[in-house]
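Q: Starting off with a structure, shown below.
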Amino acid sequence: MNYKYLKYLISLCSILVCIDLNAQSVRQKKAQEFLRLSGLTDYTRQTDEIASAKVDEEFLFIENAPSELEIKAIIKLYLTNKNVNHHITEYIATQVNEDLLNKSILFLENPINEDIHGTRNRSLTRFEKIDKAKYVNNFDMHSVDQERFNLCVNIYQLLKIGRMSESVLYHTLVDVSLGINEHLTTDQKKVESEIISNTEGMFTDQYKQVMMTNQIANMMYVFTGTSDNTLRSYINKWHTYDGEKTLNIMQESINYAYAEILKEIKNHGS
């Protein structure tokens, strides 16, 4: 082969590799921006605490578990808020259509979205935390401003707040139970479908009602200084094609992240 031609091919390959790496870097940055703007981290931030509590609960009912400390360490190694967010970003960067991702980021960058997101997640003072806890504990949906209450219900349902929160909790519990089950001895293992069914049974209508009431009470408190017209504009913004597609990306990325973590837990040491 001609030396100059070979040199040309090598140079061309180097350029293509650089272009590909640069494109991956851009996609990664966009995925991280989506993660920040979407508020997904607000749903996943308690993963560590939920997983830790569930692990301890599981071992209360397992007699003579082999390598209990080792299994606990495996679960806590992978089932973390940081790892969940890593896989969410991975999904968005590699699985989401770039044009759709760009549109979703533009949608999330809308001032009203950032304003409401900031209001919902702003840091509260010690006094505000105590005041909010009292408000939520004594919340009576029949004695509050009904127009404001209906707006908060609309936001809760439209943004699938309950479904997102429930999804994170469900996947965390299932990952713990199936992960532990994978590393038990054969005679201690349970049928996986039974584990999944038992976990699903926890999410009763009563549980969902309590979750919704608490979430709406929280919104009623934090939106005290936000006008009804602003909340209506926020609802109208999400009640669009771009809003729906953005929510789909959020839900699918959650499903992907916890599925990947379960694989990591099961495959540990193999």
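Q: Given charges of +1 on the Cβ of Lys and Arg and -1 on the Cβ of Asp and Glu, with all other atoms neutral, how large is the dipole of the chain about its Cα centre, in debye to the nearest 20?
A: Details: 29 positive and 36 negative charges, 201 e Å.
Here the size comes out at about 960 debye.
Q: Right, another one. Report, to the nearest whole %, how much of the accessible area of the chain belongs to carbon and sulfur atoms, 1.4 Å probe, protein only. Don't jump to the answer; show the numbers that get you there.
A: On the way: 8080 of 15510 Å².
Of the solvent-accessible surface of the chain, carbon and sulfur hold 52 percent.
Q: So how far apart, in nm, are the two label points at Glu57 and Lys263 if each is 7 Å from Cα heading toward Cβ?
A: Computed distance between label sites Glu57 and Lys263 equals 2.8 nm.
Q: For a protection proxy built on the mean count of beta-carbon atoms within 10 angstrom, sort 89-96, 26-33 highest first, please. The partial results should precede the final answer.
A: Details: 89-96: 19.0, 26-33: 16.0.
Taking the mean over residues of other Cβ atoms within 10 Å, the ranking is 89-96, 26-33.
Q: Based on the Cβ-Cβ distance from Arg163 to Arg36, what FRET efficiency comes out when R0 is 25 Å, to the nearest 0.05? Intermediate results must be reported in sequence, preceding the final value.
A: Values: r = 21 Å, r/R0 = 0.85.
Working from the Cβ atoms, E equals 0.75.
Q: Provide the descending list of Cα extents for the range 59-123 along its principal axes, expressed in whole angstroms.
A: Largest to smallest, the principal-axis extents are 56, 32, 16 Å.
Q: Taking a point 7 angstrom from the Cα of Tyr241 along the C-beta vector, which residues in the range 68-100 have backbone N less than 17 Å away?
A: 97-100
Q: Please work out how much length the chain gains when fully extended from Leu100 to Thr230, using 0.36 nm per residue of separation minus the C-alpha to C-alpha distance, in nm with one decimal.
A: 44.2 nm
Q: Over the range 103-151, give the accessible area per residue in Å² for a 1.4 Å probe, as an integer.
A: On the way: 3310 Å² over 49 residues.
Dividing the accessible area of the range 103-151 by its residue count gives 68 Å².
Q: Next up: So how strong a dipole does the range 39-161 carry about its Cα centre when Lys and Arg Cβ are +1 and Asp and Glu Cβ are -1, to the nearest 20 debye?
A: Values: 14 positive and 20 negative charges, 69 e Å.
That gives the range 39-161 a dipole magnitude of about 340 debye.
Q: Sorted by mean Cβ packing within 10 Å, highest first, what order do the peptides 208-221, 98-111 take?
A: Going by the mean number of other Cβ atoms within 10 Å, highest first, we get 208-221, 98-111.
Q: For the pair Ile196 and Glu70, what calculated FRET efficiency results from E = 1/(1 + (r/R0)^6), where r is the Cβ-Cβ distance and R0 = 41 Å, to the nearest 0.05? Could the numbers behind the result be given before it?
A: On the way: r = 24 Å, r/R0 = 0.59.
That pair, Glu70 with Ile196, gives E of 0.95.
Q: Compute the FRET efficiency between Arg120 and Gln209 as 1/(1 + (r/R0)^6), taking r as their Cβ-Cβ distance and R0 = 30 Å, and round to the nearest 0.05. Working shown, then result.
A: Numbers: r = 21 Å, r/R0 = 0.71.
Here the calculated transfer efficiency is 0.90.
Q: Here's another thing I want to ask about it. Between Ser270 and Lys132, what length comes free when the chain is fully extended (0.36 nm per residue of separation minus the Cα-Cα distance, one decimal in nm)? Don't skip to the answer; put the middle values down first.
A: Details: separation 138, 0.36 × 138 = 49.68 nm, distance 4.79 nm.
Length gained, Ser270 through Lys132: 44.9 nm.
Q: Additional query: Under Stokes-Einstein, with the Kirkwood radius over Cα pairs standing in for Rh, what whole-number D in µm²/s applies to the range 113-270 at 37 °C and 0.692 mPa s? Provide the component values of the computation, followed by the final result.
A: Numbers: Rh = 18.2 Å.
Approximately 180 µm²/s, per Stokes-Einstein.
Q: For the chain, would you read off the P(r) tail past 30 Å as a percentage of all alpha carbon pairs? Intermediate values should be presented prior to the final figure.
A: Values: 15867 of 36315 pairs.
Looking at the chain, the distances longer than 30 Å represent 44 percent of pairs.
Q: Given N residues in the range 46-196, what is Rg(Cα) / (2.2 N^0.38 Å)?
A: Numbers: Rg = 20.6 Å, N = 151, 2.2 N^0.38 = 14.8 Å.
This ratio for the range 46-196 stands at 1.39.
Q: What does the charge count around Phe223 come to, taking other residues whose C-beta lies under 13 Å from its C-beta (Lys +1, Arg +1, Asp -1, Glu -1)? The partial results should precede the final answer.
A: Values: positive: Arg120, Arg122, Lys132, Arg148, Arg232; negative: Asp115, Asp145, Glu147, Asp228.
It works out to a net charge of +1.
The values are calculated or read from the model by the stated rules, or taken from the named source; none is laboratory data. As the structure is a prediction and not an experimental result, all values here were calculated from the model. FYI the Cβ positions are ideal-geometry reconstructions off the backbone, even for glycines, and counts take in every protein chain you see. Surface areas here come from the heavy atoms of the whole protein model, side chains and all, with no ligands, DNA or RNA. Shrake-Rupley method; radii C 1.70, N 1.55, O 1.52, S 1.80 Å.
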